[in-house]
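The values are calculated or read from the model by the stated rules, or taken from the named source; none is laboratory data. These figures come from a predicted structure and were not determined experimentally. Using ideal geometry, Cβ is built from the backbone for each residue, glycine included, and neighbour counts are taken over all protein chains shown.
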Amino acid sequence: MQLPSVRLGIDPGKVQIYPKSVVEGINVYYVDSVAQRFKTVSVKLEKLLFFKKLIAAGE
(Lines give C-alpha, C1' and ligand atoms only; values in the text may rest on other atoms or scores of the structure.)
Protein backbone atom coordinates (compact mmCIF):
# COMPACT_ATOMS: atom_id res chain seq x y z
CA MET A 1 0.00 0.00 0.00
CA GLN A 2 1.19 3.50 -0.80
CA LEU A 3 1.58 5.97 2.06
CA PRO A 4 0.38 9.57 1.75
CA SER A 5 3.09 12.18 1.25
CA VAL A 6 3.13 15.38 3.33
CA ARG A 7 5.22 18.51 3.60
CA LEU A 8 5.21 21.80 5.46
CA GLY A 9 4.12 24.84 3.46
CA ILE A 10 2.62 25.22 0.01
CA ASP A 11 3.65 27.04 -3.14
CA PRO A 12 1.44 30.18 -3.13
CA GLY A 13 1.18 30.01 -6.93
CA LYS A 14 -0.41 26.54 -6.77
CA VAL A 15 -2.75 27.01 -3.81
CA GLN A 16 -5.87 27.24 -6.03
CA ILE A 17 -5.33 23.83 -7.66
CA TYR A 18 -5.66 21.89 -4.40
CA PRO A 19 -8.87 21.28 -2.43
CA LYS A 20 -8.68 22.83 1.05
CA SER A 21 -9.98 21.60 4.40
CA VAL A 22 -9.58 23.20 7.81
CA VAL A 23 -8.76 20.63 10.50
CA GLU A 24 -8.52 21.89 14.08
CA GLY A 25 -7.72 25.39 12.81
CA ILE A 26 -5.01 24.22 10.40
CA ASN A 27 -5.38 24.72 6.64
CA VAL A 28 -4.85 21.39 4.86
CA TYR A 29 -4.38 21.28 1.08
CA TYR A 30 -4.46 17.88 -0.60
CA VAL A 31 -4.58 16.11 -3.95
CA ASP A 32 -8.02 14.67 -4.83
CA SER A 33 -6.64 11.13 -5.01
CA VAL A 34 -5.82 11.19 -1.26
CA ALA A 35 -9.52 11.37 -0.40
CA GLN A 36 -10.23 8.50 -2.80
CA ARG A 37 -7.44 6.20 -1.54
CA PHE A 38 -7.64 6.69 2.24
CA LYS A 39 -10.54 6.79 4.72
CA THR A 40 -8.39 8.69 7.22
CA VAL A 41 -4.94 10.26 7.20
CA SER A 42 -3.12 11.04 10.44
CA VAL A 43 -0.32 13.59 10.39
CA LYS A 44 2.23 13.99 13.16
CA LEU A 45 4.79 16.78 13.54
CA GLU A 46 8.22 15.78 14.79
CA LYS A 47 10.65 18.46 15.93
CA LEU A 48 14.35 18.24 16.68
CA LEU A 49 15.86 21.58 17.67
CA PHE A 50 15.06 23.85 14.67
CA PHE A 51 14.12 21.05 12.25
CA LYS A 52 10.49 20.08 11.65
CA LYS A 53 9.22 17.02 9.82
CA LEU A 54 5.71 15.80 9.04
CA ILE A 55 4.90 12.10 9.13
CA ALA A 56 1.68 10.74 7.60
CA ALA A 57 -0.10 7.43 8.02
CA GLY A 58 -3.23 6.51 6.09
CA GLU A 59 -5.93 3.87 6.52
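Some points to look at:
- Extreme residue, modelled with the lowest pLDDT, among residues of the range 22-53 that are among the small types (Gly, Ala, Ser) and surrounded by 11 or more Cβ atoms within 10 Å (Cβ to Cβ): ALA35
- Residue identified as in contact (Cβ under 8 Å) with a residue 24 or more places away in the chain, among the aliphatic types (A, V, I, L, M) and part of a loop (DSSP other than H, G, I, E, B) among VAL6, VAL34: VAL6
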